[in-house]
Amino acid sequence: MNVFSLATANVRALRRRLFGLVALVSVAAAVCLAALGIADRAQGATDSGVKESSANRSITVDRPDGRPDTPQLTDRTVERLARLPHVESVQHRAQASFGLLTEAGDTVLLYATTYRPAMPPPVTKSVRKDLFPLRPGEIVAPARSQGVDLSALVGREIETETTRFVRPGEGTGVSGQVRLVGVYDPTWQLDNVDAAYAADSTVIRWAAQRAGVQEENYLRTVGYDQLTVVARTAADVPGVMRSVQRLGYPAVTLQQQLDELPAVLELIRMVGQVLLGVLGVLAFVGAVTVTGALSRQRAQEIGILKAVGFRTRAVLTMLVTEMALVGAVAALLGTVLAAVLGGGAAAVLRRSADLAPYVKGWVLLPSAGTLLLLLVLTVLVVAVGSLAPARKAARKPPTDAMKDW
C-alpha cells in the first residue's frame, strides 16, 4: 500500500475526530465564498456589455440642477465642450417616458433614450445586423421589463402612449405606434433600468410634447438630460474632466460609475475580503491543533510504521497528505454551502428595488479562476499548518513513539 492510499484509509478511519476541523474550515470557506461571489456578480452586472476602450475614455456630464449660473446642456453647450482640448466627441442623451401597450393587455412604462455610440447596449435579439442608428418610429427595449417578456415582440408594431403638456400639473395622452426592432440584456443599467433606445427625432418630439415646448426650440431651451464627453485617449481623461468641471458642470468618468456599488454590496465585498484572511488563520491554526493532537494519540501507529521500515519522510508525507485531504474535503463542502448561502442572501437582496439589478442568478460564486485559487490555497494552508507537528511526530524513534503510547 502506498503512502497516499494509507493516508486515504486513515482519513476514513479518523473521520469522526476530523469532523471539527472540516466543519470549521468549510463554514468559514462558505461565508467567504458567498460574500465574494455576491460582490463579484454585482460588479459584473455593472460592467456588462461595456467596451473597455469607451469606458476608459468617457466622462458623463449631468444637468447642472441647482446651479443657476451654469447653462443647461443645450446644443451650444455641446459645441463648447467639443472645443475643449483633447476631446474626441460629445454624445448627447435625452429621455422621455412613454407607455408600451402589448396585445396581452400589459402596460410597460419605459424611457425613450437617444443612442450614444460610446455606450452601446448589449443587444440580444434584433431584426437586422446593424441596428444603429435607429430609424424614426423604431425602438430597442430591455428583453424583460416590469415582469413582461418583450423579446417575443421583436419585429412587431406596438401601441404607445405619451403625454402632451396642457398646463402645470395637467397633461393629455397621445397615442401612437412604434416598431420593436431589438431587445438588450436587462442587466444593462447605465441609462436607466427601463431605458428604450429610439431615434433622436422620436425622443425629442416626445420630450418636447411633455415639456410643452416647440420641438424646434427644445434643444435651445430645455436641452439634453446628459452628455458623454469622449476623450482622445485614456490618459487625457483626468485633464478633460477637470476642464468640464471648471465650466460648472457635474462630471464623473464612466469607469468611476462602473466601480461604484451600493453601500450594502460594498460592505459584503469588504466582509468577504476580511473573511478570506480569517479563513487562512482558522485553517492554519486548526491544522496545527488537530495534527498535533492526532499525532500524540497515534504514537503507537507511527512507531509500528517506523519499526516495519517506513522512513521518516514517508511518515511525514502520510500525515501531511491526510490533512491535505481533509482540507480538500472541507473546501469542497464549503463551496456547496457557499452556493446555498449565496443563493439565500441573493434572494433577500433581490427584495430591495435598489439592489435587485445588481444580483442576478441563483448560484452566486466567484469566477472559476478565483474559486479554484481559493480552494487550492485552503488545501495548501491546511497542509502547511500540519507540517510542524507532523515533522515532530515523524522524527520520533520507534521506541520513543511506543513509549509515549
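The values are calculated or read from the model by the stated rules, or taken from the named source; none is laboratory data. Computed from a predicted structure; not experimentally measured. A quick note on method: Cβ atoms are made from the backbone with ideal geometry, for glycine too, and the neighbour counts reach across all protein chains shown.
Restrict the check to segment 233-253 and report whether at least one residue is of a type in the set (K, R), touching a strand residue (DSSP E or B) at 6+ places or on another chain (Cβ under 7 Å) and farther than 21 Å from R76 by Cβ. Steps first, answer last, please.
To start, the set of residues in segment 233-253 that are of a type in the set (K, R) comprises 242, 246.
Next cut, touching a strand residue (DSSP E or B) at 6+ places or on another chain (Cβ under 7 Å) only: none.
No, segment 233-253 contains no residue that is of a type in the set (K, R), touching a strand residue (DSSP E or B) at 6+ places or on another chain (Cβ under 7 Å) and farther than 21 Å from R76 by Cβ.
For G212, are the conditions met, namely being in contact with a strand residue (DSSP E or B) (Cβ under 6 Å, 6 or more places away or on another chain) and within 26 Å of D69 (Cα to Cα)?
Spelling it out, G212 is indeed in contact with a strand residue (DSSP E or B) (Cβ under 6 Å, 6 or more places away or on another chain) and within 26 Å of D69 (Cα to Cα).
Exactly one of (1) under 24 Å from P122 (Cα atoms); (2) of a type in the set (A, V, I, L, M, F, W, C); (3) exposed (fewer than 14 other Cβ atoms within 10 Å of the Cβ) is unmet by V178. Its number?
(3)
Restricting to segment 11-54, and then to whatever is under 22 Å from V376 (Cα atoms) and touching a Lys or Arg at 6+ places or on another chain (Cβ under 9 Å), can you tell me which residue is modelled with the lowest pLDDT? So that I can check it myself, show each step before the final result.
Step one: filter segment 11-54 for residues under 22 Å from V376 (Cα atoms), giving 11-12, 15, 18-41.
Those left that are additionally touching a Lys or Arg at 6+ places or on another chain (Cβ under 9 Å): 22, 35-36, 38-41.
Working: V22: 77, A35: 67, L36: 65, I38: 62, A39: 60, D40: 60, R41: 57.
The qualifying residue modelled with the lowest pLDDT is R41.
Could you check segment 194-204 and list, in sequence order, the residues that are outside any strand (DSSP E or B) and surrounded by 19 or more Cβ atoms within 10 Å (Cβ to Cβ)? Talk me through it step by step, then tell me what you get.
First pass over segment 194-204, keeping only residues outside any strand (DSSP E or B): 194, 199-204.
Passing the criteria: A199, T202, V203, I204.
A quick yes/no check of all residues on (1) touching a strand residue (DSSP E or B) at 6+ places or on another chain (Cβ under 6 Å); (2) part of a strand (DSSP E or B); (3) touching a residue at least 12 places away in the same chain (Cβ under 8 Å):
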residue	(1), (2), (3)
T162	yes, yes, yes
Q177	yes, yes, yes
V183	yes, yes, yes
T187	no, no, yes
N192	yes, no, yes
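Specify which of the listed residues (A347, A356) is farther than 30 Å from A307 by Cβ, at pLDDT below 75 and out of contact with any helix residue (DSSP H, G or I) (no Cβ under 8 Å at 6 or more places or on another chain). Quick ask: steps written out before the conclusion?
Details: A356 fails: out of contact with any helix residue (DSSP H, G or I) (no Cβ under 8 Å at 6 or more places or on another chain).
Result: A347 is the single residue among A347, A356 that is farther than 30 Å from A307 by Cβ, at pLDDT below 75 and out of contact with any helix residue (DSSP H, G or I) (no Cβ under 8 Å at 6 or more places or on another chain).
Of the residues in segment 224-254, how many are among the polar types (S, T, N, Q), under 28 Å from the mean Cα position of the chain (by Cα) and within 11 Å of P64 (Cα to Cα)? Reasoning before the result, please.
In the first step, residues of segment 224-254 are kept if they are among the polar types (S, T, N, Q); the result is 226, 228, 233, 243, 245, 253.
Checking the rest, the ones that are also under 28 Å from the mean Cα position of the chain (by Cα) come to 226, 228, 233, 253.
In the following step, the residues that additionally are within 11 Å of P64 (Cα to Cα) were identified as 226.
Residues flagged as among the polar types (S, T, N, Q), under 28 Å from the mean Cα position of the chain (by Cα) and within 11 Å of P64 (Cα to Cα) within segment 224-254 amount to 1.
If you go through segment 378-385 one residue at a time, do you hit one that is assigned to a helix (DSSP H, G or I), modelled with pLDDT of 80 or more, out of contact with any Phe, Trp or Tyr (no Cβ under 8 Å at 6 or more places or on another chain) and of a type in the set (G, A, S)?
yes
What are the residues in segment 165-223 that are under 30 Å from the mean Cα position of the chain (by Cα) and either charged (D, E, K, R) or within 11 Å of A94 (Cβ to Cβ) (or both), if any? Give the derivation first.
Applying the first criterion (under 30 Å from the mean Cα position of the chain (by Cα)) to segment 165-223 yields 180-198.
Correct list: D185, D191, D194, A198.
Would you pick out the residues in segment 210-249 that are in contact with a helix residue (DSSP H, G or I) (Cβ under 9 Å, 6 or more places away or on another chain), part of a helix (DSSP H, G or I) and more than 30 Å from P122 (Cβ to Cβ)?
Passing the criteria: A211, E215, E216, N217, R220, T221, S243.
Going residue by residue through segment 209-227, is there one that turns out to be touching a Phe, Trp or Tyr at 6+ places or on another chain (Cβ under 8 Å), at pLDDT below 90 and either surrounded by 17 or more Cβ atoms within 10 Å (Cβ to Cβ) or not hydrophobic (A, V, I, L, M, F, W, C) (or both)?
No; the residues of segment 209-227 include none that is touching a Phe, Trp or Tyr at 6+ places or on another chain (Cβ under 8 Å), at pLDDT below 90 and either surrounded by 17 or more Cβ atoms within 10 Å (Cβ to Cβ) or not hydrophobic (A, V, I, L, M, F, W, C) (or both).
May I ask you to verify whether R164 is surrounded by fewer than 18 Cβ atoms within 10 Å (Cβ to Cβ) and in contact with a helix residue (DSSP H, G or I) (Cβ under 6 Å, 6 or more places away or on another chain)?
On the way: surrounded by fewer than 18 Cβ atoms within 10 Å (Cβ to Cβ): yes; in contact with a helix residue (DSSP H, G or I) (Cβ under 6 Å, 6 or more places away or on another chain): yes.
Against the criterion (surrounded by fewer than 18 Cβ atoms within 10 Å (Cβ to Cβ) and in contact with a helix residue (DSSP H, G or I) (Cβ under 6 Å, 6 or more places away or on another chain)), R164 qualifies.
Could you check, for segment 85-98, whether at least one of its residues is within 27 Å of the chain's Cα centre (by Cα) and farther than 23 Å from Q209 by Cβ?
Looking through segment 85-98, at least one residue is within 27 Å of the chain's Cα centre (by Cα) and farther than 23 Å from Q209 by Cβ.
Please find, within segment 304-320, the residue that is surrounded by the most Cβ atoms within 10 Å (Cβ to Cβ) out of those that are aliphatic (A, V, I, L, M) and more than 20 Å from V290 (Cα to Cα).
Taking segment 304-320 first, the residues aliphatic (A, V, I, L, M) are 304-305, 307-308, 314-316, 318-320.
Now narrow it down to the ones that are more than 20 Å from V290 (Cα to Cα): 304-305, 307-308.
Values: I304: 15, L305: 19, A307: 13, V308: 8.
Among residues in segment 304-320 that are aliphatic (A, V, I, L, M) and more than 20 Å from V290 (Cα to Cα), the one surrounded by the most Cβ atoms within 10 Å (Cβ to Cβ) is L305.
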